[in-house]
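Since the structure comes first, as structure tokens, the remarks are kept for the end.
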Amino acid sequence: MKRRTFLTGSAVSLSAVAGCLGGGGGGSDLDVTPTDGNVDGYPPEFDEVPDERNVDTLSFGTVTENGVNVPLAPIDVSHYWYKRGEARIVDARSVKAYEKSHIYGAVLSQASPDRRVSNDPVMDWPKDDRIICYCGCPHHLSSIRASQLINEGYENVYVIDEGFWEWHEQGYPMRGNDVGNKPNSWVIRGETDAAFTGRNAWARHRPSEQVESTDIADGGSYELHLKFHEVGPDSNIEVETPSYTVEGKLKDLAAGTVQG
């Protein structure tokens, strides 16, 4: 899969590019025209494409989600594929998080089906194209979205192992209306029935529609790692497991162990 194979020979906006980096349907802030003299629609960062190298995908770790093993691509490999234009990029987070900052060229395709737009751009992608999903926790929402795609017949799906905030830390290409802002991190620990091991626990900030998820571990314990924009200690957070839903201030939920 070569980057320029998918591009026309005239200057176009990223949102109009049908190229491998996921142009088309990514959001209005991606509707930009190159200013560096390029005619391929990609930012200046792509002027230096790394040399081809061997990547042993069989060495990648995996996480089991929705009955499938989702491969976890290391950040350096993800960036290598990205720079070569050899992967489409999917942001599995919330609209709020995506608008604040996202990988340059990524499309928003949320892990929660009830939040996903009906014209999800991923549905138009070839089933054999390489797809990399990401989120910020670092790979719970993204592994959910990746597993959904795998179960829908997409053949070459990965997740960024270290998550979006490592991409942010490295200063790799991003766009958004507040790219420099990294939200505070909060951890909510809880317990539920051990029978729900392997199922998902969720945390939601309803006003901003930001959401996070994690797997319930052996014994019924779980940890939700939240990086929500414009959410503070007094913000109300809803925690949902298969056996209960509780709501409270973030500072209180993070201070103890949530139980139903």
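All of the numbers you see were taken from the coordinates with simple rules; none came from a lab. Note that the structure is a prediction, hence the values are computed from the model and not measured. Neighbour counts run over all protein chains shown; Cβ positions are idealised from the backbone, glycine included.
Partner lysines whose Cα lies under 20 Å from the Cα of residue 83, excluding those fewer than 8 positions away in the same chain, are identified as 2. Under a 5 Å amide H cut-off, with hydrogens placed 1.01 Å from N, residue 65 pairs with 70 among residues at least 5 apart or on other chains. Shown in residue order for region 190-206 are the 3J(HN,Hα) couplings computed by the Karplus curve 6.51 cos²θ - 1.76 cosθ + 1.60 at θ = phi - 60°: x, 9, 9, 5, 4, 5, 9, 3, x, 7, 9, 9, 10, 10, 9, 10, 4 Hz (x for Gly and Pro). Per-residue Cβ neighbour counts within 10 Å put 246, 187 in the sequence 187, 246, beginning with the fewest. Of the peptides 221-232, 175-186, 54-65, 98-109, the order by per-residue mean of other Cβ atoms within 10 Å, starting with the highest, comes out as 98-109, 221-232, 175-186, 54-65.
Packing order of peptides 238-244, 129-135, highest average first: 129-135, 238-244 (average count of other Cβ atoms within 10 Å over each peptide's residues).
Counting only the Cα atoms, region 133-221 fills a convex hull of 141 Å³ per residue. Between amide H atoms placed 1.01 Å from N, distances below 5 Å from residue 89 occur with 22, 107, 132, all of them 5 or more places distant or on a separate chain. Pairs of Cα atoms nearer than 8 Å and 6+ residues apart set the relative contact order; for region 167-222 it is 33 percent.
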